[in-house]
Amino acid sequence: MRRPKLAAISPGLIWLLFFCVPPGSGAEALVQSAPHTKLGLLSETDFVEPGQTLNLGLLFEIEPHWHIYWINPGDSGEPPRVKWALPPGFRAGDLEWPAPARLASGPLTDYGYQGRVLLMSPVRVPHQLSALEVMISVQVQWLVCSDICIPAKASISLELPVGHAAPSPPEDQAALFRAARESLPRPLPPGWRVSADDLGGAFRIRLVTGAKIQRVSFFPLEFNQVENSKPEISTPLPNGVEVVVSKSDQLLQPVDNLRGVLVIDGGGSYHVSAAVRQGISREGRERASPATL
């Protein structure tokens with residue numbers, strides 16, 4: 001079931017936190033933005049190169065037992081939202097979302113991140129720049145949640161010099177960007193295939209790779225398609241794996257296409273989009289676990 005978004009605040013807590021942060025220099029500006037979160041604005045390079053892509057990242061450092069949300073938050077919450085303020089001619093791309101974790105809390109199951117996560121955004125730099133330095137600013141809104149949810153809002157700025165060569169940022173910062181890229185879902189490799197079947201009360205997603213896979217988890221991009229809190233049934237196949245996920249009781253129309261992320265245990269994550277085959281035979285439905293139908 002799709003439940004109302006959590007917005008409960010315990011007595012005595014300020015319900016909205018807003019911090020305007022002075023511009024940082026170099027490749028990082030950090031701020032203590034909420035009681036349970038630090039937010040940083042990072043650049044992968046210490047300079048801006050005309051005509052190239054500048055990779056920026058929002059670094060969330062989250063206290064234990066708290067979390068923020070993926071692009072599809074699951075049963076509650078909402079994902080971080082950003083508004084960039086960039087110099088003329090600069091163009092920011094969409095946030096890039098690492099594969100999430102499934103976070104259960106009572107009857108609810110959310111999709112999100114704990115600990116530390118870097119949400120990257122590529123920014124296209126114009127070919128002609130007359131300034132010696134540029135100012136990049138961003139406003140971010142997010143929810144940080146545990147047993148309660150606290151809305152937070154912050155504004156951060158970063159100054160970077162314009163040039164064609166500069167010292168690289170510290171290795172630990174470069175490692176953050178490398179790790180973030182490794183955690184991004186990838187396209188399916190050549191030769192891999194994915195299909196989806198409507199089993200009545202559930203969807204069966206089958207991934208064919210040519211080798212047995214023990215387990216996968218499916219994270220849907222669309223709201224109200226699957227019942228997030230019900231267990232998935234993952235079954236290894238000689239040439240891949242299949243997973244059965246229960247339909248949401250909020251789903252009112254047939255689903256023509258299932259889009260989401262498949263996370264292979266110990267084997268990375270992949271974007272998937274599969275046309276849903278309708279009218280599966282009784283025999284096909286019976287091969288799925290009755291508990292999911």
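Subtract the Cα-Cα distance of residue 251 and residue 221 from 0.36 nm times their separation in residues, and report this length gain in nm to one decimal. Display every interim value, and only then the final one.
Working: separation 30, 0.36 × 30 = 10.80 nm, distance 1.42 nm.
Computed gain between residue 251 and residue 221 is 9.4 nm.
If you sort the three axes of the alpha carbon gyration tensor as a ≥ b ≥ c, you get a/c of 1.5 or more for segment 53-195 and a/b above b/c, which makes it prolate. Take each peptide in 137-149, 68-80, count the other Cβ atoms within 10 Å of every residue, and average; sorted highest first, the result is 68-80, 137-149. Taking a straight line from the alpha carbon of residue 247, these lysines sit under 24 Å away, with near neighbours fewer than eight places off in the same chain left out: 5, 230. Across segment 67-108, the convex hull enclosing all Cα atoms gives 75 Å³ per residue.
With the convex hull of the Cα atoms taken as the outline of segment 187-284, the averaged projected area works out to 6.2 nm². Working note: Karplus 6.51/-1.76/1.60 with θ = phi - 60° gives segment 242-253 the couplings 9, 9, 10, 10, 6, 6, 6, 6, 8, 7, 9, 10 Hz, where Gly and Pro are set to x. Of the accessible area of segment 236-280, computed with a 1.4 Å probe over protein heavy atoms only, carbon and sulfur atoms account for 50 percent.
Taking all protein chains as present, what is the carbon and sulfur share of the accessible area of segment 118-185, in % to the nearest whole number, probe 1.4 Å?
Working: 1680 of 3190 Å².
The nonpolar share, carbon plus sulfur, comes to 53 percent.
At full extension, residue 130 and residue 146 could sit 1.1 nm farther apart than now, given 0.36 nm per residue minus the alpha carbon distance.
The values are calculated or read from the model by the stated rules, or taken from the named source; none is laboratory data. Computed from a prediction, not measured in an experiment: that's the story for all the values here. All Cβ positions, glycine included, derive from the backbone under ideal geometry; neighbour counts span all protein chains shown. Remember, those area values only see protein heavy atoms, side chains included, never the ligands or the DNA or RNA. Shrake-Rupley method; radii C 1.70, N 1.55, O 1.52, S 1.80 Å.
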